[in-house]
Amino acid sequence: MIPRFLALIIALVFASAAAAETLRMAVTTSFDNSGLSDVLLPAIERDIGLEVQLLVVGTGQALRLGEAGDVDAILVHSRAAEEAFVEAGYGTHRREIMYNDFVLIGPLSDPASVALAGSVRDALGRIAREEPAFVSRGDDSGTHKRELALWQEADFDAAGFGSWYREVGAGMGASLNTAAGLDAYILADRASWLNFGNKAGLTLLYAGDPALFNQYAFLPVNPERHDHVRADLSAQLEDWLTGPRAKELIDGYMIDGETLFTFNAEVE
Amino acid sequence: MNDIYDGLHAAFWLVVTLDAQLIEISLRSLQVSLTALVIASAIALPLGTFLAIRRFRLRRLTISLLNALMGLPPVVVGLIVYILLSRSGPFGVLGLLFTPTAMIIAQVIIITPLIASITHQAMRELWAEYHDLLISLNTSGGQRVRTLIWDGRRTLLTAALAGFGRAIGEVGAIMIVGGNIDNATRVLTTAIALETGKGDFALALALGFVLIALAIGVNIAIHWLSRTESEGRW
């Protein structure tokens, strides 16, 4: 009775142990929510026989996972935080892969007339004056950090805003759902917005300012800090991500006829 | 309302076409929660029974603690298990974080107090009935526990099913320790959270209906296998 019971437990626990080479990578929610991962991951598995397991988290948490050695590599979009990560020795280097841009989303009625803004500074100024509902990610992600930086550049202090400024502490999709429910303004990356299924009364109101440029970079975790980290596999992945096949797939990925990401890795 | 209709519709097609991904994550849900249930029951049933028949110091405190732990917030359990299993945590060398095993560990911690508490309540009443008999037969402690568990098996089944219900519907802890990795640790509840995040309510609801159906199916199957509610014995 007892041995059989133990055998059952062991069988259940190990039933799903995978045999292929696997690499764990922490990525930002936008990479996954945009649907690009569904295109790239199968291609990576076919081309170099590597199964990439994605942990979809905010940039802040992705960096924490890298620091703790719980992932082999990270793919995020917050330059200052990435450079600090490499500086502190947690990552070996930073390699730029692709970019897209941030966009300002808001209600169709556009009470703050953001659609008429001439720059992102102007757009945020209009929002701060009108004080319509504004949803902030509030989760220390790359998008959240950028939003705070944009407020600062426009000479506003987000911490001093009233109750119209709502920090939801959630991922991109969940925050967009909240914005849709509140008919609120929100800063989103273009890829997540285009792939979002519950647009309700929201629309894209402002885009195109160079300040909204959004660079994604790949950072392998430093194997000197954690010996179990598969530096060999992340090097393979980096080669693939910066190669011609990745360029073709990233540049060719479209939703409703719009390109979501632009490949800009420098080929060595 | 339309969303609910779309959800039912999508659920129907997912099931009819035997969607490969749906089957995979449903099986993983079952694998994780049933394993957690078996392990938790192996701990909780003897523990709850033991607490009912033995008097010792701190017994009252143990029971109150157990009852309080029934309401253990899954997110906190998830966070603690995460920190323990992280590569920089005390059990990091095992490399268990973001595997189904980590999810099983978290669920065992969540449901063991629940099963043990219900077991204790049921066994206390049964023990009052059996007390004189078992004492007069000069049985050992182990024999008493076994007798009570066997004769109280129907109530214990309810305890176990309550535990299973909590495990399979749980999302907070397994999201943190499992990481919701596609093809590795994605289960029904975390997939629902993910699809809701993408704004795909129809698919999220469809998965929700599948989850409910699965929970009902397991309950019926266990009742049928243990032949409760059959003629002449209810």
(request) For a footprinting-style exposure proxy, rank B:Met70, A:Met254, A:Met25, B:Met175 by other Cβ within 10 Å, fewest first. (result) A:Met254, B:Met70, B:Met175, A:Met25
(message) Per q in 0.11, 0.19 Å⁻¹, report the Debye log10 I(q)/I(0) for segment A:101-212, using one uniform scatterer on each alpha carbon and no solvent.
(response) -0.27, -0.92
(request) Specify which residue in the list A:Phe218, A:Gly169, A:Leu148 is farthest towards the positive end of the charge dipole of chain A, using unit charges on the beta carbon of Lys, Arg (+1) and Asp, Glu (-1), about the Cα centre. (result) A:Gly169
(message) Let's see if you can work this out: charge +1 on each Lys and Arg Cβ, -1 on each Asp and Glu Cβ, no other charges. What is the dipole magnitude of chain A about its Cα centre, in debye to the nearest 20?
(response) 600 debye
(request) Report, in whole Å, the centroid distance computed from the Cα atoms of segment B:136-205 and segment A:120-172. (result) 40 Å
(message) If you take each beta carbon of peptide B:178-187 and count the beta carbons of other chains within 10 angstrom, what is the mean?
(response) 5
(request) Output the DSSP H helices from chain B with an along-axis C-alpha extent of no less than 30 Å and a mean Kyte-Doolittle hydropathy no less than -1.0. (result) B:20-53, B:100-136, B:201-225
(request) Diagonalise the Cα gyration tensor of chain B and give the resulting equivalent ellipsoid semi-axes, square root of 5 times each eigenvalue, largest first, whole Å. (result) 37, 23, 14
(message) Just want to confirm a number: the relative contact order over segment A:101-212, from Cα pairs under 8 angstrom separated by 6+ residues, in percent.
(response) 47 percent
(request) Would you list, by chain and number, the lysines whose Cα falls below 25 Å from the Cα of A:Lys145, excluding same-chain residues fewer than 8 positions away? (result) A:Lys199, B:Lys198
(message) Please report Rg (one decimal) and Dmax (integer) in Å for the Cα set of segment B:91-178.
(response) 17.6, 52
(request) Treating only the Cβ atoms of Lys and Arg (+1) and Asp and Glu (-1) as charged, compute the dipole magnitude of the protein assembly as shown about its Cα centre; round to the nearest 20 debye. (result) 3000 debye
(request) Would you tell me the mean number of C-beta atoms belonging to other protein chains that fall within 10 Å of each C-beta in B:198-204, as a whole number? (result) 6
(request) Provide B:Trp127, B:Trp224 in ascending order of the number of other Cβ atoms located within 10 Å of each residue's Cβ, fewest first. (result) B:Trp224, B:Trp127
(message) Placing unit charges on C-beta atoms (Lys and Arg positive, Asp and Glu negative, everything else neutral), compute the dipole magnitude of segment B:2-227 about its Cα centre in debye, rounded to 20.
(response) 1160 debye
(message) Need one value for B:93-99: mean number of C-beta atoms belonging to other chains within 10 Å of its residues' C-beta atoms.
(response) 3
(message) Order B:150-161, A:28-39 from most to least packed using the mean count of other Cβ atoms within 10 Å.
(response) A:28-39, B:150-161
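None of the figures in this text is laboratory data; all of them are computed from the coordinates on show. Quick caveat, the model's predicted, so the values are computed rather than measured. Cβ coordinates were reconstructed from backbone atoms using ideal geometry, including for glycine residues, and neighbour counts include every protein chain displayed.
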